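What follows is calculated from the coordinates using simple rules that are stated; it is not laboratory data. Model, not experiment: these values are computed from the prediction. Glycine also receives a Cβ, built like all others from the backbone with ideal geometry; neighbour counts cover every protein chain displayed.
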Amino acid sequence: MKHLPFMLYADGDGQIFEHPYLKMAGFFGANFSPIEPEDLIIMPEFSKLFYIPSCPPLGLDPKTGQLKTIYEMDMEGIPTTCFAVAVFLEPGFVRTHLPAADYSEKSFVLPSWAYGAVGFRDGQYWSAGFEVEYNERWDPRHYDDRELVPAISDFMEKNPAGPLVNHLTTCATESHCFAAKNLFLKRWEAPLPVSRKCNAACLGCLSLQPGASFEASHERIRFTPSMEEIVNLAVAHLNYAPEAIVSFGQGCEGEPLTEYELIADSIREIRRQTRKGTINLNTNGSFPDRIRKIAAYGLDSIRISLNSARPEFYTAYYRPRGYGFDDVMDAIALSREMGLYTMINYLVFPGISDQAAEVDALTALISKTGINFLHLKNLCIDPAFYLEKMPATGEKGIGMRKMAEHLAERFPDLDLGYFNQPVR
């Protein structure tokens, strides 16, 4: 236990403190799980710290080895209510443990962030996680708004303003979407959101939370872009941006397959004008036949999202309407058959994604379909809310790191990572 950092707690103003003797603890799902030395990394520079209102922290007593809940701490003689602290890791890092917090008195749903365990030792914050991919193109150091603002002004001067450009300006400046920033900085992956509608009601939807007790992270697009504007933006970006990707299917829209005809026609015209770069589709994979049409018109890559390779877990999270788990499995297989660079956007959650039954199901899926790339993407959701909605199995996880190591050993040709890849 000597290797463990000290537990963190916060007061009602969000000020963060280290506990004088209790050690950092972490959970897999609803179960306590010891944090091993190999799980600890110095908190990446661009990570964010959160405190969790109404939820006291749990720490490990180094004398007894038992968990202890801290409800109050003495602050200069004043009893002060304590709240748990969590980390949202910088992109490219996978959390291995959830925060050790008591959610029992919480009467609301936390905003959609990926809450992870964090502590403090030797003047530094330490988080429980590992880096699955470093990608220069997504390094936060390259997304300085002091460069973005003049780039947007220059873009507006040289390009006709339209609804899609105006929407992406808001995404870049208010939602701080890196992909939207790339459009104006004329590089790498840029977004092409098109869909106002969705055929799923995901628990952790980033753009629509009707009647929920927390706000969505992004404002969903409220119009359908014209094919002309889509094509003009895409062709210019693909022709002139280095390592260019344009992607349909963003956090600020619904399901792009609900606008499959617009996407297919746009791709056909884009590819009539340029053969450069990668055209990508991020999707829930709900309609294999629609993917077939889009792919035939010139799609290069596809990323299909899953929270689980088990149908009961998938359905509990995505709550699909008009399609089912088998349709998604068919879409993955079809994508590979049609020669698309096929990725699974695997939304991982410690204690569920690393259950042995889940690892077996994912292994079978990869073996059957031969996907090219597996994203290990931290699922952004209130941990207690997610666990409440998922089927209870009683099975403990083997650990996120062990899960990743198993996949790397079992599938040496499979790329594990975090970010979309340009097709070479």
inquiry  = With the crude spin-label approximation of a point 7 Å out along Cα→Cβ, what separation in nm comes out for Asp145 versus Thr81?
reply    = 3.1 nm
query = Considering the chain as a Gaussian network with a 10 Å cut-off on Cα pairs, which listed residue, Glu259, Glu76, Glu133, attains the greatest mean-square fluctuation?
reply = Glu76
key: Using alpha-carbon coordinates, inclination of helix 356-369 to the longest axis of the chain, degrees   = 20 degrees
ask   = How do Leu306, Leu185 rank when sorted from fewest to most other Cβ atoms within 10 Å of their own Cβ?
value = Leu185, Leu306
key: Theoretical ellipticity at 222 nm over the chain - DSSP helices of four or more residues, -39500 (n - 2.57) apiece, nearest 500   = -9000 deg cm²/dmol
ask   = Computed from these coordinates, which is volume of the Cα convex hull per residue in Å³: (i) 218; (ii) 143; (iii) 152?
value = (ii)
remark   = Rounded to the nearest 10 degrees, the helix 163-173 long axis (Cα) sits at an angle to the longest Cα principal axis of the chain of 30 degrees
ask   = When DSSP beta bridges are limited to those with both residues in the stretch 141-417, what percentage is antiparallel, rounded to the nearest 5?
value = 5 percent
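Magnitude of the Cβ-charge dipole of the stretch 6-131, K/R +1 and D/E -1, about the Cα centre, nearest 20 debye? Show your work: numbers first, answer last.
Numbers: 7 positive and 16 negative charges, 56 e Å.
For the stretch 6-131, the charge dipole is close to 260 debye.
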key: Cα lying deepest toward the dipole's positive end in the stretch 237-297, options Thr258, Ala296, Gly285, charges on Cβ   = Ala296
Assigned charges on the beta-carbon of Lys, Arg, Asp, Glu; the stretch 59-206 dipole about Cα centre (debye) = 580 debye
query = So what J values fall out for the stretch 324-332 if you push phi through Karplus, 6.51 cos²θ - 1.76 cosθ + 1.60 with θ = phi - 60°, rounded to Hz, Gly and Pro as x?
reply = x, 4, 4, 4, 5, 4, 5, 5, 5
ask   = Among Leu416, Ala356, Ile52, whose Cα lies farthest out toward the positive end of the dipole of the chain, if unit charges sit on the beta carbon of Lys, Arg (+1) and Asp, Glu (-1)?
value = Leu416
inquiry  = Every cysteine in the chain with no other Cys Cβ under 4.7 Å from its Cβ, please list them in numeric order.
reply    = Cys55, Cys82, Cys198, Cys252, Cys380
remark   = Under the Karplus relation with 6.51, -1.76 and 1.60 and θ = phi - 60°, whole-Hz ³J(HN,Hα) for the stretch 76-85, x at Gly and Pro, equal 6, x, 10, x, 10, 5, 10, 10, 5, 10
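Which links in Lys197/Lys293; Lys377/Lys402; Lys48/Lys197 stretch past 27 Å when you go from one Cα to the other? Don't skip to the end; give the middle numbers.
Details: Lys197/Lys293 20 Å; Lys377/Lys402 16 Å; Lys48/Lys197 31 Å.
Checking Cα-Cα distances, Lys48/Lys197 exceed 27 Å.
With +1 assigned to the C-beta of every Lys and Arg and -1 to the C-beta of every Asp and Glu, and no other charges, what is the dipole magnitude of the chain about the Cα centre in debye, to the nearest 20?
Numbers: 40 positive and 54 negative charges, 211 e Å.
So the magnitude is around 1020 debye.
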ask   = Among Asn135, Asn282, Asn159, which one moves the most in a GNM of the chain with springs linking Cα atoms closer than 10 Å?
value = Asn159
ask   = Looking only at His142, His19, His237, which one moves most when the chain is put into a Gaussian network model with springs between Cα atoms under 10 Å?
value = His142
ask   = To the nearest 10 degrees, how steep is helix 145-158 against the longest Cα principal axis of the chain, on a 0 to 90 scale?
value = 20 degrees
ask   = Mind listing P(r) for the stretch 329-390? All alpha-carbon pairs, 10 Å bins, whole percents.
value = 20, 45, 28, 7
inquiry  = On a straight-distance basis, which aspartates and glutamates could pair with Lys63 in a cross-link, Cα separation under 19 angstrom, same-chain partners fewer than 8 positions away excluded?
reply    = Glu18, Glu36
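Going by how many other beta carbons lie within 10 Å of each one, how would you line up Tyr314, Tyr143, Tyr21, fewest first? All intermediate terms of the calculation are to be shown ahead of the outcome.
Values: Tyr314 21, Tyr143 17, Tyr21 12.
Lowest to highest Cβ neighbour count: Tyr21, Tyr143, Tyr314.
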remark   = Between Ile16 and Asp61, the two model label points (7 Å from Cα along the beta-carbon direction) sit apart by a distance in nm of 2.7 nm
task = For a footprinting-style exposure proxy, rank Leu22, Leu365, Leu281, Leu49 by other Cβ within 10 Å, fewest first.
result = Leu49, Leu365, Leu22, Leu281
inquiry  = Explain nothing, just the number: relative contact order of the chain, from Cα pairs under 8 Å at least 6 residues apart, as a whole percent.
reply    = 15 percent
message = Whole-Hz ³J(HN,Hα) for each residue in the stretch 300-313, computed from phi via Karplus 6.51 cos²θ - 1.76 cosθ + 1.60 with θ = phi - 60°, x for glycine and proline: what do you get?
response = 9, 9, 9, 10, 10, 8, 9, 9, 6, 8, 10, x, 5, 6
key: Amide H contacts under 5 Å for Val348, placed H, 5+ residues apart   = Lys377, Asn378, Leu379
